[in-house]
Amino acid sequence: QVRLVELGGGLVQPGGSLRLSCAASRSISSINAMGWYRQVPGKQRELVAEITRAGFTDYTDSVKGRFTISRDAAENTVYLQMTSLKPEDTAVYFCHAVDLYSREYWGQGTQVTVSS
């Protein structure tokens, strides 16, 4: 089992920045991949960014060049640095993990609102 706890959501003006963090309850070196999804009401949850155990990263097109996913293995934490935020980035952001047995885990979600 892996418990994921997200921090860092909030209200920010367009063009601003936020950093989300996701702390895992055990070593992320034993987790195959971690990532961030987001969801708005009435729409499917979408993958925003992902980082694999080998350190490879991937981003959805709409956030490339603005968001950066990173990890701190010593802290068992994955971060999502979001810059140049736009109103369309408003969503609930969920941390996601897949372990070595392909079991999936989700955090509770954190609200990000981009508005003036």
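Annotations for the structure displayed:
- Global form of region 8-68, assessed from the alpha-carbon gyration tensor, a/c cut-off 1.5: prolate
- Between Lys86 and Gln1, the contour length at 0.36 nm per residue exceeds the alpha carbon distance by 27.1 nm.
- Here region 25-45 is scanned for amide nitrogen atoms under 18 Å from the site 7 Å beyond the Cα of Leu100 along Cα-to-Cβ, giving 25-34.
- Once each of the chymotrypsin sites (Phe, Trp or Tyr not before Pro) sitting in a DSSP loop with at most 16 other beta-carbon atoms within 10 Å is removed, the chain keeps 1-55 as its longest stretch.
- Whole-number accessible area per residue in Å² for the chain, which is evaluated in the context of all protein chains at 1.4 Å: 54
- Values of log10 I(q)/I(0), in the order q = 0.23 Å⁻¹, for the chain under a Debye, Cα-only, solvent-free model: -1.33
- In this entry, region 37-85 is assigned a mean projected area of 4.1 nm², taken as a quarter of its C-alpha convex hull surface.
- 3J(HN,Hα) along region 103-116, derived from phi through the Karplus expression 6.51 cos²θ - 1.76 cosθ + 1.60 where θ = phi - 60°, amounts to 7, 9, 9, 10, x, 7, x, 9, 7, 10, 10, 10, 7, 8 Hz, with x in place of Gly and Pro.
- Stretching the chain fully between Gln108 and Gln39 yields a gain of 23.6 nm (0.36 nm per residue, less the alpha carbon separation).
- Note on Ser17/Arg53: beta-carbon distance plugged into 1/(1 + (r/R0)^6) with R0 of 30 Å gives a FRET efficiency of 0.65.
- As a fraction of the 1.4 Å probe accessible area of the chain, surface on carbon and sulfur atoms comes out at 48 percent.
- 3J(HN,Hα) along region 52-64, derived from phi through the Karplus expression 6.51 cos²θ - 1.76 cosθ + 1.60 where θ = phi - 60°, amounts to 8, 4, 7, x, 6, 10, 8, 9, 6, 4, 5, 10, 4 Hz, with x in place of Gly and Pro.
- Shape category assigned to region 50-110 from the gyration tensor of Cα positions, a/c cut at 1.5: prolate
- For Thr90, the residues 5 or more places off, or on other chains, whose built amide H falls under 5 Å of its own are Val114.
The values are calculated or read from the model by the stated rules, or taken from the named source; none is laboratory data. No experiment lies behind these values; they were computed from the predicted model shown. Glycine also receives a Cβ, built like all others from the backbone with ideal geometry; neighbour counts cover every protein chain displayed. The accessibility values were calculated without ligands, DNA or RNA, using every heavy atom of the protein model including side chains. Shrake-Rupley method; radii C 1.70, N 1.55, O 1.52, S 1.80 Å.
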